[in-house]
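Student: Below is a structure I'd like to ask you about.
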């Protein structure tokens, strides 16, 4: 195998492959990236046996062939090269890399195990198309609420379902919940699935905003196609919690707040928060929201911001991260906190209200 490729083109794809690779142990085939020349293209594959990545880039092929190469060092070499063409040649289980402009060369051992590189799953189910911009938006509005408790495996992913002409994404960690829906009349209904965040993070970081993403869902695997990319991921097994039970039917009070003012206040006041609990207090009275910490060994902090509220004085104790993350994800200038009593779940929506809402449980104090 011998080919020449532009550094910037190859680097982008190898960096994605390196994100997926599970191990940095040179001995493991899963620490390697699979390379194969086909006509005037280079096929690149990587997997950790849960997420599978495949793409192809244009190269000048001198000699057809295939090889595996240790991903971490391969990425480092390409990343260190100046802009321009790089020559790659596989000779006797070694990948020779030449950077002509710097008169530099490298020899990377290939595992000579291309035939043993894991087989990638394929699907015989039809794909459906969805706006890639809308898909990324839905992921970004929900992914931050995934649980980080490995024992709660049924909360470790993004729940996706299609019913009643709506594609819905939901995440929860048991203390907060993010929900977003999108009209999807042309997609057949399917049972809810749990998608691991790893593959969704890759899509949101690497996909553009134009065009469609093609999705196919089987019992155990979800498949994505967009641009030159083919990605798939093993689904998380388990039953997602019945999220509909925790959605409040109605609220009697509302507080409307400017998003930037709240984020600025959180940034300042949270400097004095006890980091294990991350608890802040939010005192609302007509026209004013006061944000403050408990007095601790280090001290305390408080700030007032304006708000639209006409009810009785009310105090919430909330994990400030649980407020900061959802409003950061909103596009609107203002957001609204809807509640009945401060001891029960509150709902946060954008102003004007959209297809997204967020529920958080207050903390005891």
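Student: Comparing 232, 41, 191, which has the greatest mean-square fluctuation in the GNM of the chain with Cα pairs linked when under 10 Å apart?
Tutor: Per the Cα network of the chain with a 10 Å cutoff, 191 tops the list.
Student: Once the piece of chain linking residue 60 and residue 304 is laid out straight, how much longer is it, given 0.36 nm per residue of separation minus the C-alpha distance between them?
Tutor: Stretched out fully, the residue 60 to residue 304 stretch lengthens by 81.6 nm.
Student: If you don't mind, another one. Once fully extended, how much extra length lies between residue 185 and residue 4, figured as 0.36 nm per residue of separation less the alpha-carbon to alpha-carbon distance? Display every interim value, and only then the final one.
Tutor: On the way: separation 181, 0.36 × 181 = 65.16 nm, distance 4.58 nm.
In short, 60.6 nm is gained.
Student: Relative contact order of the stretch 2-116: what whole-number percent is it, with Cα pairs under 8 angstrom and at least 6 residues apart?
Tutor: Once normalised by length, the contact order is 29 percent.
Student: Applying a 10 Å radius around every beta-carbon, put 136-144, 121-129, 162-170 in order of their mean neighbour count, most first.
Tutor: So the peptides 136-144, 121-129, 162-170, ranked by packing, come out 136-144, 162-170, 121-129.
Student: In nanometres, what is the gap between the two model label sites at residue 354 and residue 116, each 7 Å from Cα along Cα-to-Cβ?
Tutor: Those two pseudo-labels are separated by 4.9 nm.
Student: Contact order normalised by length for the stretch 248-360, with contacts defined as Cα pairs under 8 Å and 6 or more residues apart; what percent is it? Intermediate results must be reported in sequence, preceding the final value.
Tutor: Details: 226 pairs, mean separation 32.7, N = 113.
Reported as a whole number, the value is 29 percent.
Student: First check a/c for the stretch 1-117, with a ≥ b ≥ c the square roots of the eigenvalues of its C-alpha gyration tensor; if it is under 1.5, answer rounded, and if not, answer prolate when a/b is larger than b/c or oblate otherwise.
Tutor: Here the stretch 1-117 falls in the rounded category.
Student: In whole percent, what relative contact order does the chain give with Cα contacts below 8 Å and a gap of six or more residues?
Tutor: After rounding, I find 12 percent.
Student: When only alpha-carbon atoms count, how far does the chain stretch along each of its three principal axes, as whole angstroms with the largest first?
Tutor: 78, 50, 36 Å, listed from the longest principal axis down.
Student: Once every DSSP H run of n ≥ 4 in the chain is given -39500 (n - 2.57) and the sum is divided by its residues, what mean residue ellipticity at 222 nm do you get, rounded to the nearest 500 deg cm²/dmol?
Tutor: -5500 deg cm²/dmol
Student: Between rounded, prolate and oblate, where does the stretch 208-253 land on the alpha carbon gyration tensor, with a ≥ b ≥ c its root eigenvalues, rounded for a/c under 1.5, else prolate if a/b exceeds b/c?
Tutor: oblate
Student: While we're looking at this one, here's another question. Between residue 263 and residue 239, 0.36 nm times their residue separation minus their Cα-Cα distance comes to what?
Tutor: 5.2 nm
Student: Another question about this same structure. When N counts the residues of the stretch 248-360, how does its alpha-carbon radius of gyration compare numerically with 2.2 N^0.38 Å, as a ratio?
Tutor: 1.01
Student: While we're on this one: Average projected area of the Cα convex hull of the stretch 128-245, in nm²?
Tutor: With the hull built on Cα positions only, its mean projection is 6.9 nm².
Student: What FRET efficiency do you get for residue 29 and residue 333 if R0 is 56 Å and r is their Cβ-Cβ distance, rounded to the nearest 0.05? Working shown, then result.
Tutor: On the way: r = 51 Å, r/R0 = 0.91.
Efficiency, from the Cβ-Cβ distance: 0.65.
Student: On to the next question. Hey, what D do you get for the stretch 175-316 in µm²/s if you plug the Kirkwood alpha-carbon radius into Stokes-Einstein at 37 °C and 0.692 mPa s?
Tutor: 167
Student: Could you give the angle, 0 to 90 degrees to the nearest 10, between helix 320-329's Cα long axis and the longest principal axis of the Cα atoms of the chain?
Tutor: The two axes meet at around 60 degrees.
Student: 7 Å from Cα along Cα→Cβ at both residue 140 and residue 249: what's the point-to-point distance in nm?
Tutor: Reported label-point gap for residue 140 and residue 249 is 3.6 nm.
Here, each number is a calculation from the coordinates, and none is a lab measurement. What you see is a predicted model, and the numbers here were worked out from it, not measured in a lab. Heads up, the Cβs are rebuilt from the backbone with ideal geometry, glycines too, and the neighbour counts pull from every protein chain shown.
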